[in-house]
1. Quick one: net charge around Leu38, please, counting Lys, Arg +1 and Asp, Glu -1 for every other residue with C-beta under 12 Å from its C-beta.
2. Please label the shape of the stretch 48-105 as rounded, prolate or oblate, based on the square roots a ≥ b ≥ c of the eigenvalues of the alpha-carbon gyration tensor (a/c under 1.5 means rounded; beyond that, a/b larger than b/c means prolate, else oblate).
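Values quoted throughout were computed directly from the atomic coordinates according to the rules given, and no laboratory measurement underlies them. On a predicted model such as this, the values are computed, not experimentally measured, just so you know. Here the Cβ positions follow ideal geometry from the backbone for every residue, glycine too, while neighbour counts run over all protein chains shown.
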Amino acid sequence: MRRLVASLPLALLLAACSPSPAPPQSGASQSAPANAALGSPEWYAWVDRSLSISDDGHGPDHGSDAWNRAVQNKLGQEAPQSKPGSPEWQQSVDALLRTRLPPST
């Protein structure tokens, strides 16, 4: 019993010095929406969050030419070659981001 009591401060010290679990990454909230239709407000919000297009709600309007260009820039070389904003482009962006992010739960 005496050993247990003597080792308790050491155990507490080790627990206090152990790295705490990492806080949830922003990617956790970026998981792909299960049934959001392409071009829907939910889909635009997800793409916006995933690529950090807006900054605290300040940025181009979802779906605008400026927003589409920002998405293209964030995707870089992986950006779809179809016309930004077109249904084909949205489908390509969606597929690309879904391969990068964890599935939603």
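1. Numbers: positive: Arg98; negative: Glu42, Glu88, Asp94.
Here the count lands on -2.
2. Numbers: a/c = 1.73, a/b = 1.08, b/c = 1.60.
Oblate, since a/c reaches 1.5 and b/c is not below a/b.
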